[in-house]
Each structure stands twice: as C-alpha cells, then as structure tokens.
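Submitted below is the structure of interest, expressed as structure tokens.
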Amino acid sequence: MRHFLTLSDYTKEEILEILDLAKQIKKETKNRVFKDYMPRKTLGMIFEKSSTRTRVSFETGIYQLGGIGLFLSANDIQLGRGEPMSDTSRVISRMVDMVMIRTFEQSKLEEFAKYSKVPVINGLTNEYHPVQLMADYMTIQEANLEEDLVVAYVGDGNNMAHSWLNMAAKLGFELRIATPKGYEVDAQILENALTMAKVSGAKITISNNPKEAITGATVVTTDTWVSMGQEDEKEKRIKDFKGYMVDSDMMKLAHNKAIFLHCLPAYRGYEVSDEVMESSQSLIFEEAENRLHAQKGVMVWLDRKRDSN
C-alpha cells in the first residue's frame, strides 16, 4: 500500500510523474472538463488541526474527480474521546477509499497509515507538509524556473523547511536555508536529507544569514514565524526573528527573475512585507490554487497504485 506521508518516501521519477498528472488535470479543469478519475470514491478528511486551504482544496478536489469528501474533526470522531489511532484507522479505512490527515505529531500519522487498508495522505504534521511542497514545485515549473533552480528559505526551521529539504534532496536542486539561532531545522531530518543529496547531487546549505541565502536565488520563500500552537511564544519569536522579514530590499538581492512563495496564511509586516506580497514577483495565489491541482494529482496517483495491486 502506497501512502503519501513524506517526500523522502518517493523517488524523483515518482514525484515528477505525480506533478505531470496534476498539470494534466489542471489543464482539463481550466477548460471546464471534469473527468471522473475517482468515481464514487470517498475521501475521509481528519482534521486535528484546522485549516482553510487544506479543507477547501481536498474537498473541492475529490468532488471534481468524481468522488466525495467527508470532513471529520477530532470532535466528530472517537479520537477526541481517546480512541487509539490504530483503532480509528482500522474502522475508518474499511469505510472510505482514501484518508487525508492533518494532525500534530508525524508518529500519529504513521501509526494510522500502519493499520490503514487504504492510502493515507499527510495534510500537515508538525514535522512535514509534503502536499504544500508539491504545489510549490508545480508553481516553480509553471514559472519555468526548474533549470538552475536555487531556492532560498528564510525563517523558522519548521515543517516547511523540512519538506523543502526533502524536495531538494530528491530532485537535486540547490537549497539554502537561513534561520535564526535556536530555530534551526531538525538535525536528524537534515542528516537524512544530506544523505539523499549525495545521490541526487543537491546542494544544501544551512546558515543564520538571510541575506547570504537570498543573494542570487531564483525562488525566495518563507513561512509564518508563529505557527498554530505557538501563540504564547509570539512576542519572543518576533524579537528573535528580527532581520528575517522578506521585504523589497531583501528581494533585490535575489536573481532578477526570482519569484516569491509563501504557503499562507501570511502575516504581513512580520515574515514578509505587504509590498512583496503584492508585487509582480509574488506568485502566492497561483501557489495556493495549485494546492487543489497538485493534491488531485496525488489522490489519482495513489488510487491508481492501489487499483493496480
């Protein structure tokens, strides 16, 4: 059974195959052609963390593919009352054709997948956000920036930084991550990425210097400094991240064809300036739309793999 838990589980060829499928489906959708790639299939959507983009994109996506999505918050199912993840998995996966989970620890997702009879998709965990990276790379492809790609990630060493590490390590492009001291990426995730990079030829650099990371980059990206569940750290984080806001002066250091990406929601005036958000270099809303199309590609690909077994 193939699941979509982290990009490190996939080969370069598989990632690009999924993205090609996503672009094909997007083109059809833009032409108002909705093919039943997953007729009468049901996607269970478990949300222990709330989300705008994740819910709308998955629920709309499965509907456009000919199926239906079921929104399940922690309060709607027995997880909210302490039922083990393994039991929830063995029940729900007997009733639906695919499951998307947006939760906290990656270990909870992996436990669900271990007992599931159907493909499981990571809609976000504390450690990884692979579906977002599929949308991000799809946006890079559409901007014709794959060749000589240099990505600069500036900000918190969180699940987005970890997923950029995995994507770079698998596809073989240059990635520069700059974080404040004390907010670096997870050491084990970095070590794993560096090991994979030896095979793909990826160049990965880690620093505490945002200007150095952005200089000459063709893609500049960041994420919120205060993620869900970190609200009590807000004042300290704002102080610690001083000098890491991507503003117009920062973007001037990047390549003249550079684009700006952000997974959203963005907090203007903190990790990114309003001017950059609204600039012609910003492809954030194209990127957000691509969550819908990239995830359709993931769902169809997983469904096909399941049916072929």
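Values in this text are rule-based calculations from the coordinates and carry no lab data. Predicted model, so just to flag it, every value in this text is computed and none were measured. Every residue, glycine as well, gets a Cβ built from its backbone with ideal geometry; the counts of neighbours run over all protein chains shown.
Could you put 196, 95, 138, 1 in order, starting from the residue whose Cβ has the fewest other Cβ atoms within 10 Å?
95, 1, 196, 138
If I fit a long axis through the Cα atoms of helix 284-308 and take the longest principal axis of the Cα atoms of the chain, what angle between them do I get, 0 to 90°, rounded to 10?
For 284-308 against the chain, the angle is about 40 degrees.
Cβ under 9 Å from residue 155's Cβ, residue 155 left aside: what net charge do those residues give with Lys, Arg +1 and Asp, Glu -1?
Summing Lys/Arg as +1 and Asp/Glu as -1 gives -3.
Working from Cα positions, state the angle (0 to 90°, nearest 10) between the long axis of helix 12-30 and the longest principal axis of the chain.
Approximately 80 degrees, to the nearest ten.
Report the GluC sites (Glu not before Pro) located in the range 238-281 that are in a DSSP loop and have at most 11 other Cβ atoms inside 10 Å of their Cβ, or state none.
Working: sites: 271, 275, 278; in loops: 271, 278.
Counting only loop positions with at most 11 other Cβ atoms within 10 Å, the GluC sites (Glu not before Pro) in the range 238-281 are 278.
Looking at the range 189-252, which trypsin sites (Lys or Arg not before Pro) are DSSP coil and have at most 12 other C-beta atoms within 10 Å of their C-beta? List each step's numbers first, then the result.
Numbers: sites: 198, 203, 211, 234, 236, 237, 239, 242, 252; in loops: 242.
The qualifying sites are 242.
Here is the link list: 27/203; 257/305; 41/305; 49/203; 35/305; 30/203. Which ones come out longer than 26 Å on Cα distance?
Values: 27/203 32 Å; 257/305 38 Å; 41/305 14 Å; 49/203 33 Å; 35/305 18 Å; 30/203 36 Å.
Over 26 Å apart, Cα to Cα: 27/203; 257/305; 49/203; 30/203.
What distance in nm lies between label points placed 7 Å from Cα along the C-beta direction at residue 236 and residue 24?
Each label point is offset 7 Å from its Cα along the Cβ direction, giving 5.0 nm.
With a ≥ b ≥ c the root eigenvalues of the C-alpha gyration tensor of the range 144-282, is it rounded (a/c under 1.5), prolate (a/b larger than b/c) or oblate?
Here the range 144-282 falls in the oblate category.
Subtracting the Cα-Cα distance from 0.36 nm times the residue separation, let me have the gained length for residue 194 to residue 36 in nm, one decimal.
Contour length minus the Cα-Cα distance gives 52.9 nm.
Could you give me D for the chain, from Stokes-Einstein at 4 °C and 1.567 mPa s, where the hydrodynamic radius is the Kirkwood radius over C-alpha pairs? Units µm² s⁻¹, please.
Details: Rh = 19.7 Å.
So the translational diffusion coefficient is about 66 µm²/s.
Per DSSP helix of 4 or more residues, -39500 (n - 2.57); summed, then divided by the residues of the chain. What does that give at 222 nm, rounded to the nearest 500? Could you put the intermediate results ahead of the total?
On the way: 12 runs with 136 residues, N = 309.
Value at 222 nm, helices only: -13500 deg cm²/dmol.
Give me the angle, in degrees from 0 to 90, between the Cα long axis of helix 130-142 and the longest principal axis of the Cα atoms of the chain, rounded to the nearest 10.
60 degrees
DSSP loop GluC sites (Glu not before Pro) in the range 25-116 with at most 15 other Cβ atoms within 10 Å of their Cβ, which ones?
On the way: sites: 28, 48, 59, 105, 110, 111; in loops: 48, 105.
For GluC sites (Glu not before Pro) across the range 25-116 that sit outside H, G, I, E and B with at most 15 neighbouring Cβ atoms in 10 Å, the list reads 105.
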